[in-house]
Every structure is written in structure tokens, then in C-alpha cells.
Amino acid sequence: MALTRRALGGLTIGGSAALTLAACGGNEGDEGGSGKTEAVWAISSAWASWNENTQAGNNSYGHQAMTPMAAGSGDFDADANFHYDDAIFASEPELVSEAPMQIKYTLNENAQWSDGSPVRVEDFIFQWYSMSGKPEHANQEKALPASIDWGSQVESIVAQDDGTILVTYVAGYSDPEWQFSNTIYLPSHIAEANGFTAWATDPEVMGDAIQYFETTAPTADGAGLIGTGPFKVVDAKLGEYIVYEINENYQGSVKPTIEKLTLRVIEGTEAIVTEMRQATIDGAWPSEFSEEQNALLAEDPNMSLETYTGSIWIHFDSNVQNEFLKDVELRKAVFTAINCQDICDKNYPETGVEQKLNHFFANDNKYFVDQIGPTGQGSGDIAAAQAILTAAGYTGAAEGETLTTADGAAVTFNVRYGETNPVRKLAAELAQAQLAQIGIALELVAIPDGELGNVLAEGDFDLIIFGWSGSAAFTVAPSQYFESTSGSNYGKYNNPAADEAIAKVRSTFDLDEAADFANAVDALVVPDAYTLPVFDEPQAIYWNPQVLEGPLANGYSQAGPLFNVREWKLK
């Protein structure tokens, strides 16, 4: 969903940095305090799938909810340093060859899933087949991978005589961020135990196995998704809650101490603050940054609040299969009429949020180049938008009448937004008022809670506002957002020149060069007015320090403050 694994309404970036963090140090400490044995953390919206690899499962809320049990290569800390998961790996992966690119992984000798089964090379292959996009690996109508950027480039995965695992990539492929590839996620032995024994040789069976993990809830008896993380599932309901206990088979160096951890959905920041003040939850990472609710929580001396800059960015996307929005000139006019700074100012009058001007890099990033400003997109320049339409043969825009195509059709389409997210709702309402000035009657259609992933995967929108949740890595993003074959290219954008430019982003081992290639991609896609960045969303985390110790603001992890959940302690 928003890969998609970070969008808030939220998606994440499949194939980039993994989910669990091997943090330094232990968590020994005082006994006593609150006397509680359970921590309750709020997830701010629902999720529609148990399998984050799929288009419907590429959702930030599900990613957060499943982080405590997750299997993954590692994660970024709050300083953007990547840490490998020592529950799985004995040491950092090694680049043993550049041509072809080969990466060697050395497993922790005791690496195991929460049911005690060993981590094995088949788990790496299962992840590859899930994310390759190749019909010989899995029926793609069933697999529906959120991103094939990593998996499509793998040539082979083999176990070597010394016990290491060697991943070899196709000839000519390179990746400047190879360290962050998420090579393990789903437990292949669980697939086999549930009847999918031929997954490695039968694409139909593999497709069914992927669907099994998407629809089957994790349970205490080991059905569905299990992980290698510090906690194991004892009860769960899709899109509502997950209850965890300590995973006694966890092999990481930092051992969890919270006996019971419940993650449950609470929609809306106002409801989250209410429950915080009533002490029914101990913390949350709200998807909506509310200045009003932040101030209310800050008044309570028993609560802690931290605001920070994250890597979640909000944007409007066009569905280029729409009968009107398939015209690039109309899209240009629409994006020119939308006033992004007005949306920022009205949502955050005190925070000082600015329009985002690059798809891949924040305005203060060292690689940032202003790609959006020179085009006038997001400027709210109504006269310029009217001129674009008139030149393209439309009528009505400059006359204060209904916008009409050269064939006489009245232009109308919808915009979709999260039903309980006031920031997105206000942005949609402002866009509606702005587009009315060029003769477009924009229909507002809310997305029910928990349905963002399905709406995106089904392309059930004309214009949509949602968020991508990224990380410190950037080289996967161009492919995920804009490549014509990407499962996260929900609006079906197709530009052969952009596809060619995207292929260059990971054709180097030099990050500076990769950033130049990414900016070259942006320079190509921006004029096509497919995605309009609005702003990098400010973030806040809440917690009760009388009860819970350990949550940290982290703008680089797609798991947010849950990145170090194994270090949390009850007081």
C-alpha cells in the first residue's frame, strides 16, 4: 500500500530497508513502577492484508502492527544508521562480487522462526519468488507483488558448503543500496505445512501460498504468518488488533521484557488523545498530525509528546485510465490549479510546513533539486491553468463555466481521501474549491477506514490523496512510484523514457551518482503531471512515561517508534 510497505493513509516501500532492528545494548533496569505486565499501543488505522509483499498488503498500518514479530534484514535507527538483525544474521552481509553482483549472508547459527523451526535458504527463495514478478515463479494474478524492483533482478539463491547463503543478481545489475535489501520475510515451512509443498516448482501453488499468507491470520498455533522477532502472536483480527507475548525462541541479543503487548486500531488523533488521557492505551503514532490535539495532550503533565520530521509525504495521484485524466494537458492544468501551500497553511497554521518540490528527496536533503516549482504545479495559479486548458482545446475554464472537452463532454471526476483523516479531507475540499475555478466539479468520495490498500490495488479512484512512508533509502522509490510494470503504480502511468531512466538509478554502486539518476527520473516524470507532492508530513508520537519506557521518534524507519519495540520496558 503504500508498497508499497510506508503510506499514511499509508504505504510502505517494498524491497527496501527491512523491518526489525538489532539494537545495541540490553534492557536491564529497575523493577517495580507501574506494576503493569501489559502495554497497549494504538495503530491509527486498519489494514486489509496479512502479507506486506502484496499490493493490498503494502500498508503502513499493517507494517506497524506486524513489526514486533517481523522477519527482515534490519532497520534504520533514529540517526539513519542501518542495523542488521542479529536474530537472523551472524554478521553483516558481504558484497563478494560486483560483476555479477553477489551478496553473501551468514546466518546466526541459531536463527529460527517463533515456532522453533530453523531459518533456511528456502525462506530466501520464497521471498524471491514472491517479489520477482515472473510467471515461472508465481501466478502473478495471485502474487500481485507491491514491487518487483529487487526480486526481478535476482538470478539465483543458493546455500553454500560453509553454511552461508549466496544471492547472485542478473548480469549488468548493480545496487548502491544492496545492504538494505529485504531478503527474508515469509516462513516457507509454514506454507509447506499447510499444503503448499510444491511452491518451489509449481507457479500456481506458489500463487496460492502467497494468497494464504495474505488472508490467514497469525495464530498461537502457528498458522499464517510467523516471524523471527522478539514477540509472537497469540491472538489477532485483521485490521483491528494483534496481541503478542514474548517469543521464547527469539535469538536476538536484546531480549524483550514486556510480557504482553497489544496493538489495536484507534481511528483518528482525537480518539487517540482521549484514550491516552483515559489511560486505556499507553502510546501511539498518530497518522494525522493535529496541532490542536498535540496541544491538548501537552497540557497533561503525565504524558509525553515528541514532534519531529519524518519520511511520510502526502500527494495527489491521477488515474491515467480515467476518460478525462488520460489527457496530460488536463492533468497539468489540474495540478497547476491546486494550491499546495494553501493546503499546508490551512492544515498546519503554526507548524510552518512547506510544499514538497521533489518526489524522492525532502527540501532539505543534500540531493534535493527543485523539480516541481518551475512547472507551476501546486502553485494555485488559476490563470495559468486556464491558459493550459484553452490552448488544449477545452472551453469553459476561462469563462467561469463548466469545463468542456473539444468533443463537448463536461469534465468531471472524483477525488478519494481517508474518511477519518481530517488533513486529507481538508486537502480534498480545498482542491475541490480550487478546481471549481477552472470549471471542474470535483466529486469528494471518502475511503472507508482500512480500505486504502484495496482502493489503490483496484484503481478505484480518479484523483486520490494519500501518503508514501519511506526510509533513509531512496533507490527503490523511482521504480516503485513510476515504472510502468510496478505493482505500486496504481494510476497506471506509462512513460518508456522514464522506464529507461529508472533502470539507471540502480546501475551504479555510487550513491551520489544514483541520486543524480533519480533526479533525472524526476525531471522526466514531473511534466507528465501524474503525481503531485503536497508536503512532507510532520510527525508526532505520544506515550505515557509513567507506564512505558523506550519509545523513540524515528523518521527513518517505516515502523516509526516501533522500530525498537524489543527495548521497551514497563515501569
I'd like to know if segment 492-511 contains one or more residues that are more than 23 Å from the chain's Cα centre (by Cα), open to solvent by 10 Å² or more (accessible area, probe 1.4 Å), of a type in the set (Asp, Glu) and farther than 26 Å from residue 131 by Cα.
no
Can you tell me which residue among 416, 331 is of a type in the set (D, E, K, R), touching a strand residue (DSSP E or B) at 6+ places or on another chain (Cβ under 8 Å) and in a strand (DSSP E or B)?
416
Here are 281, 246: which of them is aliphatic (A, V, I, L, M) and buried (at least 21 other Cβ atoms within 10 Å of the Cβ)?
281
Restricting to segment 132-162, name every residue that is open to solvent by 50 Å² or more (accessible area, probe 1.4 Å) and either among the hydroxyl-bearing types (Ser, Thr, Tyr) or in a loop (DSSP other than H, G, I, E, B) (or both).
134, 135, 136, 144, 160, 161, 162
Within segment 471-497, can you find the residues that are under 18 Å from residue 520 (Cβ atoms) and in contact with a Pro (Cβ under 8 Å, 6 or more places away or on another chain)?
475, 484
Lone unmet requirement of (1) crowded, with 23+ Cβ neighbours inside 10 Å; (2) hydroxyl-bearing (Ser, Thr, Tyr); (3) at pLDDT 95 or above for residue 73:
(3)
Failed condition for residue 557, given (1) open to solvent by less than 20 Å² (accessible area, probe 1.4 Å); (2) in contact with a Lys or Arg (Cβ under 6 Å, 6 or more places away or on another chain), with all others met?
(2)
Evaluate the following for residue 386: is it open to solvent by less than 50 Å² (accessible area, probe 1.4 Å), touching a strand residue (DSSP E or B) at 6+ places or on another chain (Cβ under 7 Å) and either on the phi < 0 side of the Ramachandran plot or modelled with pLDDT under 95 (or both)?
no
If we scan segment 453-460, do we find a residue that is in a loop (DSSP other than H, G, I, E, B), of a type outside the set (A, V, I, L, M) and open to solvent by less than 10 Å² (accessible area, probe 1.4 Å)?
no
Considering segment 91-106 alone, what residues qualify as being β-branched (Val, Ile, Thr), open to solvent by 30 Å² or more (accessible area, probe 1.4 Å) and closer than 11 Å to residue 167 by Cα?
96
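The values are calculated or read from the model by the stated rules, or taken from the named source; none is laboratory data. Owing to the predicted nature of the structure, the values given are computational and were not obtained by experimental measurement. For neighbour counting, all protein chains shown are included, and Cβ atoms are generated from backbone atoms with ideal geometry for every residue, glycine included. These accessible areas exclude ligands, DNA and RNA; they are computed on the full protein's heavy atoms, side chains included. Shrake-Rupley method; radii C 1.70, N 1.55, O 1.52, S 1.80 Å.
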